[in-house]
Each structure stands twice: as C-alpha cells, then as structure tokens.
1. Looking for whichever is under 30 Å from Gly58 (Cβ atoms) and either modelled with pLDDT of 80 or more or over 22 Å from the mean Cα position of the chain (by Cα) (or both) here; the options are Val250, Val290, Val310, Val225. Which one fits?
2. In region 253-283, which residue that is buried (at least 21 other Cβ atoms within 10 Å of the Cβ) and hydroxyl-bearing (Ser, Thr, Tyr) is nearest to Ile59 (Cα to Cα)?
3. Find all pairs meeting these conditions: Cβ atoms under 7 angstrom apart; at least six residues apart or on different chains; first residue within region 128-154 and modelled with pLDDT of 75 or more; second residue part of a loop (DSSP other than H, G, I, E, B).
4. Which residues, counting only those in region 68-80, are in a helix (DSSP H, G or I) and of a type outside the set (S, T, N, Q)?
5. Just one of (1) in contact (Cβ under 8 Å) with a residue 40 or more places away in the chain; (2) farther than 30 Å from Leu298 by Cβ; (3) in contact with a Ser or Thr (Cβ under 7 Å, 6 or more places away or on another chain) trips up Arg96, so point out which.
6. Quick check, is Leu191 closer than 30 Å to Pro145 by Cβ, under 33 Å from the mean Cα position of the chain (by Cα) and either modelled with pLDDT under 85 or among the acidic types (Asp, Glu) (or both)?
7. Within region 156-165, can one find any residue that is surrounded by 12 or more Cβ atoms within 10 Å (Cβ to Cβ) and either under 29 Å from Ile40 (Cα atoms) or touching a residue at least 60 places away in the same chain (Cβ under 8 Å) (or both)?
8. Those residues that are more than 19 Å from Ala299 (Cβ to Cβ), polar (S, T, N, Q), surrounded by 14 or more Cβ atoms within 10 Å (Cβ to Cβ) and over 22 Å from the mean Cα position of the chain (by Cα), I need them from region 3-59; list them, please.
Amino acid sequence: MNFLFYTGKRFLQVIPALFGISVAVFLLVHAIPGDPADVILGQTSTPARAKVIHHMLGIDRPVFVQYFSFLGHLFHGSLGTSFYNNDSVTTLIAGRLSATLFLMVGGILLALLISLPLAILAASKEGALRDQAVRVVPIIGLGMPQVWIGIELILLLGLKVHLFPVSGFGDTFLQHLRSSFLPALSIAIGLSPILIRSLRAAMLEILEADFVLTAKAKGIGKSRVMISHVVRNAVIASVTVLGVNIAYLVGSTVIVERVFAIPATGSLMIDAISKRDYPIVQGVTIFFAVVVVVVNLLADLIHASLDPRVAL
C-alpha cells in the first residue's frame with residue numbers, strides 16, 4: 001500500500017513539472033534572437049514579405065495565444081510543423097530517435113562497466129594505494145570536456161588504429177553498434193566519475209553495516225560478501241544518482257553528436273536553432289525534458305521497490 005501511495009504521489013508531482021517545462025521551453029525558445037522570416041526569405045527579405053511569413057507561421061499573434069496553441073498541439077500528441085521544411089516535428093524526431101537511444105543506452109552501459117569494477121577495487125581496501133589511485137579518476141574525469149574526450153578517442157581509436165568509424169551512424173544494426181561505440185564511450189568517461197564516487201561511498205558505508213559484519217563472522221568469503229551483500233545494496237543507493245545525472249547525459253549526447261557527426265536529435269535541434277525553426281527547437285527540448293523527467297520517475301520507483309524505506 002505504501003509503495004502504491006508513493007507511486008501515485010510521484011506521478012502527480014510529474015504533472016506540474018511537465019507544465020512548468022512547457023512554459024519555460026516556449027518562452028526561452030521565443031527569446032532566441034533573430035527572425036525566422038529572414039532565414040526563410042534570405043536575401044529577398046523585406047518588411048512586407050516578412051510580415052506575410054509571420055502571418056503564415058502564426059508568430060504575429062500574442063505570445064499567450066501562441067503558447068495555448070502549442071499546448072493544444074501537445075495534448076493531441078503533436079509537436080507542430082517545421083517552419084523551414086514544413087515537415088512534422090514528431091516525424092523528424094522519430095527519424096533520429098534510434099541514434100540518440102544508441103548513444104544514451106550505450107553511454108549508461110559503458111559507464112556502469114567502467115564504474116562498478118573501479119568502485120569495488122577502491123572500496124575493498126580503503127586508504128590503500130589502489131583506493132587512492134581510483135579516487136584520482138573522478139578528479140581527472142570531471143576536468144575533461146566532452147569535446148576533448150571525443151576528439152582524443154577519434155585520434156587514438158579511429159585514425160591511428162582504425163578500430164571504429166569516426167563519423168556517421170551506418171545503415172545496419174552492427175554498423176550502428178560500431179559507429180556509436182566511440183561517442184558512447186565519450187559519454188561514459190564523462191559520467192563515470194560521478195558513479196565511481198557514489199558507488200565507492202555507498203560501499204564503504206555498507207561495509208560497516210551489522211549484516212556485513214555478521215556475514216564475515218560466519219566465515220563467508222570476502223569476495224562473496226562484497227558481491228552478494230555490499231555491491232547489491234550499493235547499487236540500490238546509486239540508482240537515484242544515475243537518474244539525477246540523466247540530464248547531464250542528455251546534454252553530453254547533444255555535444256558528442258556534433259563531434260562525431262551523428263544525425264541524432266541533438267544535431268536536429270542545433271540546426272533548427274541556427275534556422276530559428278521554433279517548432280523543432282521546442283519539440284526536441286520537450287522530448288529531452290520528458291525523457292529526463294520519466295527516467296527520474298522510474299529511478300525513484302525502482303529505488304522505492306528495492307528499498308521499502310523510501311516509500312515509507
């Protein structure tokens with residue numbers, strides 16, 4: 001019952017969050033300098049022609065009227081129509097969604113593969129040389145920009161040893177995997193420092209817990225205690241940390257897409273900003289915001305299901 005009540009409460013909290021996001025996105029997008037009519041008309045732009053384009057696009061109406069029109073489209077599952085090429089924004093996002101998902105899921109999986117062994121290595125003997133060495137990793141990782149990481153991976157694994165493609169996304173599933181490995185690794189290297197610190201701190205705290213001391217007193221092997229008792233409980237505590245950092249992951253994805261010339265949703269938004277294509281910018285931003293909110297919601301629900309104290 002407590003979990004159901006907690007789930008219902010979290011779903012209700014999402015509604016005002018999404019409404020606030022829609023208002024913020026709409027106002028910020030319309031604050032972008034420049035006129036869409038000038039981009040569409042190019043050198044042939046004149047005040048009279050621009051006025052006609054404004055009327056055709058509906059951007060000559062009051063801002064609050066434009067917002068409620070935008071909100072009405074959202075309730076009907078539509079993100080509007082592109083100013084520049086007259087295509088459905090939903091269709092444009094759907095066409096690039098697979099590349100974004102490859103990068104995000106690949107980045108999370110690689111971050112876990114990097115973070116978990118290093119955190120176990122560090123927490124297994126606090127204060128030892130290996131612990132000190134692992135603790136340096138987050139400091140270095142947090143200081144490296146995503147752009148620099150991506151460029152270095154291109155130079156090392158793409159151009160020198162020719163293991164992976166340095167641009168594009170390919171046509172088949174295997175080509176998608178190969179093409180997305182380097183950008184996903186770039187994202188993972190940026191995300192891993194946060195996870196390493198979180199997992200290490202959680203493991204050190206759990207190692208002092210009574211149930212762990214009891215397991216050691218019963219003669220259970222150190223490695224079994226670490227995997228069966230410490231890691232399982234530390235991962236529960238880190239689920240929320242991972243959920244919170246999904247927003248950082250989304251931002252990293254947008255940057256990395258440009259470095260590796262991957263035609264995903266982030267690149268679509270950046271191109272739309274340069275063209276003042278408001279519906280695409282709004283649509284992609286709303287999409288990313290919903291992803292962040294939903295992932296955080298799922299992270300909280302998973303945490304509550306694994307740890308009943310959260311629901312209480």
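The values are calculated or read from the model by the stated rules, or taken from the named source; none is laboratory data. As the structure is a prediction and not an experimental result, all values here were calculated from the model. We place every Cβ from the backbone using ideal geometry, glycine too, and count neighbours over all the protein chains shown.
1. Values: Val250 fails: either modelled with pLDDT of 80 or more or over 22 Å from the mean Cα position of the chain (by Cα) (or both); Val310 fails: under 30 Å from Gly58 (Cβ atoms); Val225 fails: under 30 Å from Gly58 (Cβ atoms).
One residue alone meets the criteria, Val290.
2. Per the stated criteria, the residue is Tyr278.
3. From region 128-154, the pairs are Asp131/Lys125; Gly150/Phe260; Ile154/Val166.
4. Within region 68-80, the subset in a helix (DSSP H, G or I) is 68-75.
Listed by number, the residues that qualify are Phe68, Phe70, Leu71, Gly72, His73, Leu74, Phe75.
5. (2)
6. Working: closer than 30 Å to Pro145 by Cβ: yes; under 33 Å from the mean Cα position of the chain (by Cα): yes; either modelled with pLDDT under 85 or among the acidic types (Asp, Glu) (or both): yes.
Considered against the rule, which asks whether it is closer than 30 Å to Pro145 by Cβ, under 33 Å from the mean Cα position of the chain (by Cα) and either modelled with pLDDT under 85 or among the acidic types (Asp, Glu) (or both), Leu191 comes out as yes.
7. No, the conditions are met nowhere in region 156-165.
8. Passing the criteria: only Ser45.
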